[in-house]
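Student: One structure, as structure tokens, below. Some questions next.
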Amino acid sequence: GIDSFKQLKGGIINYLNETEGKHWDGECFVFDDRITLDKGLNPTYKKLCPKCQQVINAFDRTKCEVCR
């Protein structure tokens, strides 16, 4: 297990707001229709498949590769 850890006061979203993502690399998963956010709090995925709710990465597709 992990013996030592730290928790961000206010969570990751608050940290990104306060620091403008200065020391952040990657994306943050959120539990809403934005799915993931970059360090500027901009959604990085635009759409979910209407059938299975998997992420659709390509802009020209209406369903994921499995459900097409």
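The values are calculated or read from the model by the stated rules, or taken from the named source; none is laboratory data. The shown structure was predicted, so the numbers you read here are calculated from the model rather than taken from an experiment. Every residue, glycine as well, gets a Cβ built from its backbone with ideal geometry; the counts of neighbours run over all protein chains shown.
Student: Can you find, within region 35-58, the residue that is surrounded by the most Cβ atoms within 10 Å (Cβ to Cβ) among those that are at pLDDT 85 or above and not in a loop (DSSP other than H, G, I, E, B)?
Tutor: Only one residue fits best here, namely Leu37.
Student: Also, quick follow-up: Within region 8-33, which residues are of a type in the set (Val, Ile, Thr) and not in a loop (DSSP other than H, G, I, E, B)?
Tutor: Of everything in region 8-33, those that are of a type in the set (Val, Ile, Thr) and not in a loop (DSSP other than H, G, I, E, B) turn out to be Ile12, Ile13, Thr19.
Student: Would you check if there is a residue in region 50-57 being under 17 Å from the mean Cα position of the chain (by Cα) and of a type outside the set (S, T, N, Q)?
Tutor: First, the residues of region 50-57 that are under 17 Å from the mean Cα position of the chain (by Cα): 53-57.
Within this subset, residues satisfying the condition of being of a type outside the set (S, T, N, Q) are 55-56.
Yes, that holds for at least one residue.
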